[in-house]
1. Carbon-plus-sulfur fraction of the accessible area of the chain, 1.4 Å probe, in percent?
2. If a/c stays under 1.5 just call it rounded; otherwise compare a/b with b/c (prolate if a/b is bigger, oblate if not). Do that for region 102-165, with a ≥ b ≥ c from the square roots of the Cα gyration tensor eigenvalues.
3. Among PRO92, PRO150, PRO58, which one shows the highest mean-square fluctuation when the chain is modelled as a Gaussian network with alpha-carbon springs under 10 Å?
4. With a cap of 16 neighbouring Cβ atoms within 10 Å, and only residues DSSP puts in a loop, list the trypsin sites (Lys or Arg not before Pro) found in region 35-124.
5. Report the longest stretch of the chain that contains none of the GluC sites (Glu not before Pro) sitting in a DSSP loop with at most 15 other Cβ atoms within 10 Å.
6. Using a Gaussian network model of the chain with C-alpha springs under 10 Å, which one of ASP93, ASP53, ASP173 is most mobile by mean-square fluctuation?
7. Listed here are the pairs LYS43/LYS98; LYS98/LYS145; LYS46/LYS74; LYS43/LYS145; LYS74/LYS145; LYS36/LYS98; which of them are more than 30 Å apart at the Cα?
8. Would you mind calculating the gained length between THR184 and VAL32 on full extension (0.36 nm times residue separation, minus the Cα-Cα distance), in nm to one decimal?
Amino acid sequence: MGKLSKMDSLVKAVKEACGSSNGHKKEKDEEVKFKKLLQAKEKVVKLHFFVQDALGGPNATVWEVARSEITSTKTTSFGQVRVLDDVITAEPDRNSDKLGRAQGVITFAGLEESALTMSLNFYFTSGNYSGSTLCVVGRNPISSKNRELPVVGGTGVFRMARGYSISNTYSYDAATNYGVLEYTVYVAYVEDQDSI
């Protein structure tokens, strides 16, 4: 069964399950647009930026929202859940050009190793990708170098994006509880969505 045949079957099954009618023009237009997106030419881009991770202080951008009964007894902080809304910058300096925000949830999920389970949205607020997002999820062993996370989607320019990111801790100041994370993201996305 071909790629589009499978997609047609999936769309039909979802419509039947939801009791959707074929009479909705907007729904039909979206369905046609989606099929065209599947066949469109892709563009590949490499993005490089820094995330300013303020873990404490009066302007903290990372906050604990939950913890397990054993979080305080584990060296890995197992069970701790944090939300974040970090600034994305063009350079490591926190005062360099602001490109957007890194927003999401991180969970300390390793009992024996410091490892996070992450769900992040890189929300771009300037440049060619302003208003667009990239969604990155997965396991992040925070003490390792070149940590790879999959790009599983996006919005705006990055609709139907796929790829991966490589992250590293660029710097960390224990006195101020402030870290700078370096991201290099390799992403494929539909090149000319406006013509679809």
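The values are calculated or read from the model by the stated rules, or taken from the named source; none is laboratory data. Given the structure is predicted, the values throughout are model-derived calculations rather than measurements. Here the Cβ positions follow ideal geometry from the backbone for every residue, glycine too, while neighbour counts run over all protein chains shown. The accessibility values were calculated without ligands, DNA or RNA, using every heavy atom of the protein model including side chains. Shrake-Rupley method; radii C 1.70, N 1.55, O 1.52, S 1.80 Å.
1. Of all accessible area on the chain, carbon and sulfur atoms account for 52 percent.
2. prolate
3. Per the Cα network of the chain with a 10 Å cutoff, PRO58 tops the list.
4. On the way: sites: LYS35, LYS36, LYS41, LYS43, LYS46, ARG67, LYS74, ARG82, ARG94, LYS98, ARG101; in loops: LYS41, ARG67, LYS74, ARG94.
Those that pass, being in a loop and sparsely packed, are LYS41, ARG67, LYS74, ARG94.
5. On the way: sites that count: GLU69, GLU112, GLU113, GLU191.
Formally, the longest exposed-site-free interval is 114-190.
6. The residue that fluctuates most here is ASP173.
7. LYS46/LYS74; LYS36/LYS98
8. That works out to 51.4 nm of additional length.
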